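J.: Take this structure first; my questions come after.
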Amino acid sequence: MADQVYEIESDKDYSERKENFLKTILKWIASNIKFLLIPGSRIDELTLREIEYEKSISKRKFIRRLKSALTILGISIIFIIVTLAVFPEWISPYTYEVANGLWEDWWSAPSPSHPLGTTEWGRDVLARAIFGARSSLTIALPAISFSVISGVMVGVIAAYYGGWVDSIIMRVVDIFLAFPGLILAMVFIAIWGQRMEFIMLAYGIIGIPYYARLIRGSVLQARALPYVEAARVAGAGNWRIMFKHILPNCIQPIIISFTFDIGGIILSLAGLAFLGYSDLRMIEWGRDISMARGYLIPAPWASLWPGLMILFTVLGFMLVGDGLRDALDPRLRNL
């Protein structure tokens, strides 16, 4: 008798579940009849889920493309250099005043008090190598930031308006590009003076033509696309179209070049300091190499360590720039 009651209740539950299942299917068909009958129609909820999924996949692909061994090595090098530049007083065995002072023991070999030896005027090589990181980044980052901001504005305006505006701006840019950058920087510094502010300004001005030319080509292609015309029809002004719609779609080459050029400017600053065009109040790797060039055999450590610091700093920025290029360039995304 109990078995019969259990079977009746089981049959009743099964029939209720079956009926609920059929109701669910019919309800779904009724609410999505458009999706079933009209080709190309989409369900809003599934569309939103697809968009969110594609965003997450894109982000993961970008991060994955940055996880190459060389890019991680470059990021590690930059992290170390930035740490030296931000916290030199904590890392250096001597203060800035001692590292830039006048002492005995000229060109002494490495010892417990001077782990990497000393250079001219008895200055500690290790302390100067650490403080030189701050000097290089202090000049390079503001200079290239000024170049990027000014060059992008000039290039976008020239490409967007075209005509005589583009011709005048580009001819001025061509004149600046015709001069060697290092020679032009020496001329500016010789006129204004060998101070850190003037060196930054000189390199900032030198970089403007390059970024103006770089962004101009991308803007010339983008201004003919349909979304620009749609923004113009919608009533957007020229400045809004240039810097709100066009520039974000053309900024990738600028980001890549920015990372590459930081290392290039640091290398150029070292060359300038090697030639004697530097702020004497600052500790710079290039000037240390210049002072030690006559003592390569009796005191090789005095020029070796500043040279290695330049090498690793430039290498770090180049590796990161190469990784960003691989990650941001759409032609390389499937490689």
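Just so it is clear, none of the values below were taken in a lab; they were calculated from the coordinates. Not measured: the values here are computed from a predicted model. Note that we place each Cβ from the backbone using ideal geometry, even for glycine, and neighbour counts take in every protein chain shown.
J.: Segment 238-335: which trypsin sites (Lys or Arg not before Pro) are DSSP loop and have at most 10 other beta-carbon atoms within 10 angstrom?
T.: Counting only loop positions with at most 10 other Cβ atoms within 10 Å, the trypsin sites (Lys or Arg not before Pro) in segment 238-335 are Arg281.
J.: Run the simple label-point estimate for Leu311 and Thr83 please: 7 Å along Cα→C-beta, distance reported in nm.
T.: Computed distance between label sites Leu311 and Thr83 equals 2.1 nm.
J.: Could you check the spin-label model distance between Leu184 and Ala234? Points 7 Å from the Cα along Cα→Cβ, value in nm.
T.: 3.8 nm
J.: Please get the size of the charge dipole for segment 70-332, origin at its Cα centre, with Cβ charges of +1 on Lys and Arg and -1 on Asp and Glu, quoted in debye to the nearest 20.
T.: That gives a dipole near 900 debye.
J.: Along the charge dipole of segment 70-332, Cβ charges K/R +1 and D/E -1, which of Pro110, Ile191, Tyr277 sits furthest on the positive end?
T.: Of Pro110, Ile191, Tyr277, it is Ile191.
J.: With the alpha-carbon atoms as the only input, what is the per residue convex hull volume for segment 70-332 in Å³?
T.: 147 Å³
J.: Tell me which of Ile80, Tyr96, Ala202 sits at the most positive position along the dipole axis of segment 70-332, charges placed on C-beta atoms (Lys, Arg +1; Asp, Glu -1).
T.: Ala202
J.: Using alpha carbons only, how many angstrom separate the centre of segment 271-291 from the centre of segment 63-132?
T.: Segment 271-291 and segment 63-132 have Cα centres separated by 16 Å.
J.: Another question, if that's okay. Grab the other residues whose beta carbon is less than 12 angstrom from that of Leu141, score K and R as +1, D and E as -1, and report the net.
T.: Around Leu141, the charge tally is 0.
J.: Between Lys244 and Asp105, how high is the FRET efficiency from 1/(1 + (r/R0)^6) when r is the Cβ-Cβ distance and R₀ = 41 Å? Nearest 0.05.
T.: 0.10
J.: Here's a follow-up. List the GluC sites (Glu not before Pro) within segment 78-110 that fall in a DSSP loop (any state other than H, G, I, E or B) and whose Cβ has at most 10 other Cβ atoms within 10 Å.
T.: Filter output for segment 78-110: Glu104.
J.: While we're looking at this one, here's another question. Can you tell me the FRET efficiency between Ala224 and Ile168 if r is taken as the Cβ-Cβ distance and R0 is 25 Å, rounded to the nearest 0.05?
T.: E(calc), rounded to 0.05, equals 0.70.
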